[in-house]
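S.K.: The structure follows.
Please treat every number below as a calculation from the coordinates, not as lab data. Since we're looking at a predicted model, the values are computed, not measured. Counting neighbours? That spans all protein chains shown, and the Cβs are built from the backbone with ideal geometry, glycine included.
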Amino acid sequence: MPYLLLLALVLVAAFICVQISLPVGKRSPSQTFLLIGLFFLSIGLVTELVLGFALDERAVRLFYWARGSLALAWFGQSLLLFLFPNNPRIRWLSIAVVVGSIGLFALVLISRVTAAQDWYSTAKPIHGQMGDLLATNRPTRWGSITLNLYGLITLAAGPVYLLFLQPSKRDLSHWGPPLLIALGAIMLYVPLYLTSSAPSLGFYLVELFGPVALFAGLKNFTWHSLRTGGKRKTR
Amino acid sequence: MTKLWVVIAIVAVVVFLLFVRLTAYEPIGVSISTYDTNAFIAAGRISFLSPEFFTSDRPATIGLFYKLLEPGTGYRITALSSPAEDIYQAPAIQPGLERVAIAQGLLSISAWLLLAVVVARRLANPGLQILAVLLVLGFGFSPAIAEWDSVLLSEPVSLFFFVILLAISIELMPRLLTRSQRPNSWTSTFLVLWSIVSVLWVFARDTNAYLLLIVIAGLIAFLIMQWRRKITSLPNTQALVFASLGLTLLFLVHNFTLQQSGRWINPFFNNILHNVLPFPDRVAFFESKGMPITDEVWALRNSPGNEDGFFQIRELMAWTTAHGTSTYVRFLLAYPGWTLAKFFSGVEVAFSENRQPFFFPNEDRTTPAIQYVGDLFHPRSSSVIWVVLIETAVYGWLALRKGQKGSISLFLMFSALFFGEILMLFISIHGDALGIVRHTMGSVMPLRLSVWLLPPFILDLVSITS
């Protein structure tokens, strides 16, 4: 059901439209990181669709860089910046994420496609074939893993941390958005390390609902917190 | 007011996709005929003022289409395909029929452009406006739709009338159901246009009329709501009664002309051949209802379908004309498990193909890349139904939560469309045991379209409060 990938791309493109149309006053660094994370996700989905048609070396590299390494980290940084907007350490982390992303781009550029291209299958998701297909060196692999883990941990732990601090923990409506964020993060993370390359309904659903859950969670979380005057740490 | 850059971007998208539409497929005017084309030509030669025009063996709108376009020299079929018999010819300019093919091509392109513009107009977010135009035209100009414009059948005519009807409905619904937009001369114009296109669409293919039942049910629900509690944002009671009666009349007239035409009899015999005769208990059921299953009928039981022999059995024809439809409906009700199972398996078949089967496309023009993108827009998976259901529910939930009356009215329209398409799918699957893919196209295409149409509307609602 590759059409679900196109639907995911349409939804991510629509999320980008929503983000871009935000009034200038609401364009905080957190929202900017979210917007760029969505751009990375859309690049990932476009390249996935291209690779579903034919093998293209640039598309493989772009996928590895944008979707395979950066998207989660940028979403995670967006959340951290929302939670701690004035924290100088978080701002340094933002710079580190930007520098890491650019550095990784240079590393991915010099990576070569291996002989595995001969048995590349357009019918299978790129995720499971990426390991054999792209000859990444150690700094590239570790850079990618670090950024992904950073994003996953931030997205899973951040909302829980804030919920723990909030007084109205019994209000169930508080739990929805953090759960969506954590679920979305896991859904974006797990397919990256798929060992099986057989496409399944579960794979397509994860690819579709991962971005939806993450965006819905992040947007609702920020709105809800703003509406209820949720305590944001402003150290 | 739409910003200039948005207009420029939309124009750029339209120009690019129009270029693809005009260069990637058979040139407009080139066509392929089928055995049905002869029947359309014959239907078009019946006087419009005679009752036979509406009760001929082909739908009246198609007859009218061929009548209006027939040149003085008449039509001549020079390229004919019949996939069932493995007869394939290349599409060609057919004398006289090139006018039908040109009309089909131009009206189809215009209909999709109209829908794209109307959807963009209904959205507030500039980025989503551009995205919506891209999606609507990407869908409408893909091989699954564009290739049909070269096939001389009722499907392409029904399709572009549906697209025009949908565009007018999207423009009209918020005008009718919101207080902020009181009826004005534009609303009246759209109402008249909607009525005309509805009639043309209903008479373009026989299953189309069943969508009206869902619309009528919705109007009756509105009437009950008005009666119990005055809701000022709804049209007044007289308007609702008038609309309900008008649409009911349209449905009944269509049904009456369909029954008189006898064009349901061949599909009925196909059903008897494939769904009844192989099963002794079902044969017994029909015999108990008086169906004369004589030795002559029994001798035809191995026919693959579209069997002319049944029409020669006078006794059988007399019974079928008088009791055929009602008995088949009773049969479906008497075997509910089979009826549902057949529907579900039919849905899988209905979604299994997305291209016309009458000619092989020229791969130099319709490149594999275009076919790949077309397959993405027209999925061959029945999961589309669930996706549309979820999208409609999310849209309704957001519209109700935000209290946006314009969006609520569009949600009601999309809901009616969804349930109407499912009903049409049911009727198409049980209406004829043969040609399920082609017969269900009128309901499968709108369901596939809804997959891409709803996300911009949903995100536009999200965008309003962000």
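S.K.: Dipole size in debye (nearest 20) for the range B:66-136 around its Cα centre, Lys and Arg Cβ +1, Asp and Glu Cβ -1?
M.R.: In debye, rounded to 20, the range B:66-136 gives about 400.
S.K.: A:Tyr193 to B:Tyr372: FRET efficiency via 1/(1 + (r/R0)^6), r the Cβ-Cβ distance, R0 25 Å, to the nearest 0.05?
M.R.: With a Förster radius of 25 Å, E is 0.35.
S.K.: With everything on Cα atoms, drop me the angle between helix B:154-177 and the longest principal axis of chain B, reported from 0 to 90° to the nearest 10.
M.R.: 40
S.K.: Can you compute the modelled spin-label distance between A:Gln117 and A:Trp142, with each label point 7 Å from Cα toward Cβ, in nm?
M.R.: 2.9
S.K.: A further question follows. May I ask which residue of B:Ser56, B:Phe377, B:Leu212 lies farthest towards the positive end of the charge dipole of chain B, with charges of +1 (Lys, Arg) and -1 (Asp, Glu) on Cβ and the Cα centre as origin?
M.R.: It is B:Leu212.
S.K.: For B:372-381, what's the mean count of beta carbons from other chains sitting within 10 Å of each residue's beta carbon?
M.R.: Partner Cβ neighbours, averaged per residue: 4.
S.K.: In degrees from 0 to 90, rounded to the nearest 10, what is the angle of the helix A:3-20 Cα long axis to the longest principal axis of chain A?
M.R.: With rounding to tens, the tilt is 40 degrees.
S.K.: Also, quick follow-up: Let me spell out the model: positive unit charges on the Cβ of Lys and Arg, negative unit charges on the Cβ of Asp and Glu, origin at the Cα centre of the protein assembly as shown. What dipole size does that give, in debye rounded to 20?
M.R.: 4040
S.K.: Got the relative contact order for the range B:265-334 handy, in percent, Cα pairs under 8 Å and 6 or more residues apart?
M.R.: 40
S.K.: Roughly how many whole Å is it from the C-alpha centroid of the range B:374-440 to that of the range B:334-366?
M.R.: 17
S.K.: If you wrap the range B:320-466's Cα atoms in a convex hull and average its projection over all directions, what's the area in nm²?
M.R.: Average of the hull's projected areas for the range B:320-466 equals 12.3 nm².
S.K.: Next up: How high is the FRET efficiency from B:Ala221 to B:Ile464, r the C-beta distance, R0 22 Å, rounded to 0.05?
M.R.: Computed FRET efficiency for B:Ala221 and B:Ile464 comes out at 0.20.
S.K.: What is chain B's relative contact order, in percent, from Cα pairs under 8 angstrom and six or more apart in sequence?
M.R.: RCO, chain B: 20 percent.
S.K.: Whole-Hz Karplus ³J(HN,Hα) for the range B:243-248, in order, using 6.51 cos²θ - 1.76 cosθ + 1.60 and θ = phi - 60°, x for Gly and Pro?
M.R.: 5, 4, 5, x, 5, 4
S.K.: Taking the Cα-to-Cβ direction at B:Phe343 and at B:Phe256 and moving 7 Å from each Cα, how far apart do the two end points lie in nm?
M.R.: Taking the two extended label points, one gets 2.9 nm.
S.K.: Starting from the Kirkwood Rh over alpha-carbon pairs, what translational D in µm² s⁻¹ does chain B have by Stokes-Einstein at 20 °C and 1.002 mPa s?
M.R.: In µm²/s, the coefficient rounds to 90.
S.K.: Farthest toward the dipole's positive end in the protein assembly as shown, which of B:Tyr25, A:Phe33, B:Ile109, given Cβ charges of +1 (Lys, Arg) and -1 (Asp, Glu) about the Cα centre?
M.R.: Of B:Tyr25, A:Phe33, B:Ile109, it is A:Phe33.
S.K.: Output wanted: per-residue J couplings in Hz (rounded whole) for the range B:323-333, from phi through Karplus 6.51 cos²θ - 1.76 cosθ + 1.60, θ = phi - 60°, x for Gly and Pro.
M.R.: In residue order, the calculated couplings are 10, x, 4, 5, 5, 5, 5, 4, 4, 4, 6 Hz.
S.K.: Jot down the radius of gyration and Dmax of the protein assembly as shown, Cα atoms only, both in angstrom.
M.R.: 28.6, 93
S.K.: Here's another thing I want to ask about it. Search the structure for amide H atoms under 5 Å from the amide H of B:Ser31, placed 1.01 Å from N in the peptide plane, and list their residues when 5 or more places away or on another chain.
M.R.: B:Ala92, B:Ile93, B:Gln94
S.K.: Dipole size in debye (nearest 20) for the range B:265-334 around its Cα centre, Lys and Arg Cβ +1, Asp and Glu Cβ -1?
M.R.: 240
S.K.: In whole Hz, what ³J(HN,Hα) sequence does the range A:127-138 give by Karplus (6.51, -1.76, 1.60; θ = phi - 60°), x for Gly and Pro?
M.R.: 3, x, 9, 4, x, 7, 7, 10, 7, 8, 7, 4
S.K.: Which one of B:Phe418, B:Thr325, B:Pro361 has its Cα pushed farthest toward the positive end of the charge dipole of the range B:276-428, where Lys and Arg give +1 and Asp and Glu give -1 at the Cβ?
M.R.: It is B:Phe418.
S.K.: What chymotrypsin sites (Phe, Trp or Tyr not before Pro) does the range B:78-170 have in DSSP loop regions with at most 15 other beta carbons within 10 Å?
M.R.: B:Tyr88
S.K.: Follow-up question, since we're still on this one. By how many degrees, 0 to 90 and rounded to 10, does the Cα axis of helix B:405-431 deviate from the longest principal axis of chain B?
M.R.: 10
S.K.: Report, in deg cm²/dmol and to the nearest 500, the calculated mean residue ellipticity at 222 nm for chain B, where each DSSP H run with n ≥ 4 adds -39500 (n - 2.57) and the sum is divided by the residue count.
M.R.: So the calculated ellipticity at 222 nm is -22500 deg cm²/dmol.
S.K.: Taking only C-alpha pairs under 8 Å that are 6+ residues apart, what is the relative contact order of chain A in percent?
M.R.: 25
S.K.: Oh, and also: Let me make sure I get this right: for the range A:3-227, a, b and c are the square roots of the gyration tensor eigenvalues over alpha carbons, sorted descending. Under 1.5 in a/c it's rounded, otherwise prolate if a/b > b/c, else oblate. Which is it?
M.R.: The shape class here is prolate.
S.K.: Next up: Starting from the Cα gyration tensor of the range B:265-334, take the square roots of the eigenvalues, sort them a ≥ b ≥ c, and report rounded, prolate or oblate (rounded when a/c is under 1.5, otherwise prolate if a/b is larger than b/c, else oblate).
M.R.: Rounded shape, in that the Cα axes give a/c under 1.5.
S.K.: Please list the non-local residues whose amide H lies under 5 Å from the amide H of A:Leu134, H modeled 1.01 Å from N, same-chain partners needing a gap of 5 or more.
M.R.: The list, which skips near neighbours in sequence, is A:Thr114.
S.K.: Between A:Tyr193, A:Tyr204, A:Tyr150, find the one with the highest GNM mean-square fluctuation for chain A; connect C-alpha pairs within less than 10 Å.
M.R.: Highest fluctuation among the options: A:Tyr193.
S.K.: With 31 Å as the limit, write out which pairs from A:Lys219/B:Lys405; B:Lys67/B:Lys342; A:Lys124/B:Lys3 have Cα-Cα distances beyond it, or answer none.
M.R.: Over 31 Å Cα-Cα: B:Lys67/B:Lys342; A:Lys124/B:Lys3.
S.K.: Can I ask one more? Which shape class, rounded, prolate or oblate, goes with the range B:368-442 when its Cα gyration tensor gives a ≥ b ≥ c as root eigenvalues, a/c under 1.5 marks rounded, and past that a/b bigger than b/c marks prolate?
M.R.: Verdict is oblate for the range B:368-442.
S.K.: Ignoring everything except DSSP H segments at least 4 long, calculate the 222 nm mean residue ellipticity for chain A; use -39,500 (n - 2.57) per segment, divide by total residues, nearest 500.
M.R.: Mean residue ellipticity, 222 nm, calculated: -23000 deg cm²/dmol.
S.K.: Ranked from highest to lowest mean number of other Cβ atoms within 10 Å per residue, what is the order of the peptides B:12-22, B:120-130, B:443-453?
M.R.: Ranked from most to least packed, the peptides come out as B:443-453, B:120-130, B:12-22.
S.K.: Based on alpha-carbon centroids, what's the gap between the range B:54-73 and the range A:124-157 in Å, whole number please?
M.R.: After rounding, the separation between the Cα centres reads 62 Å.
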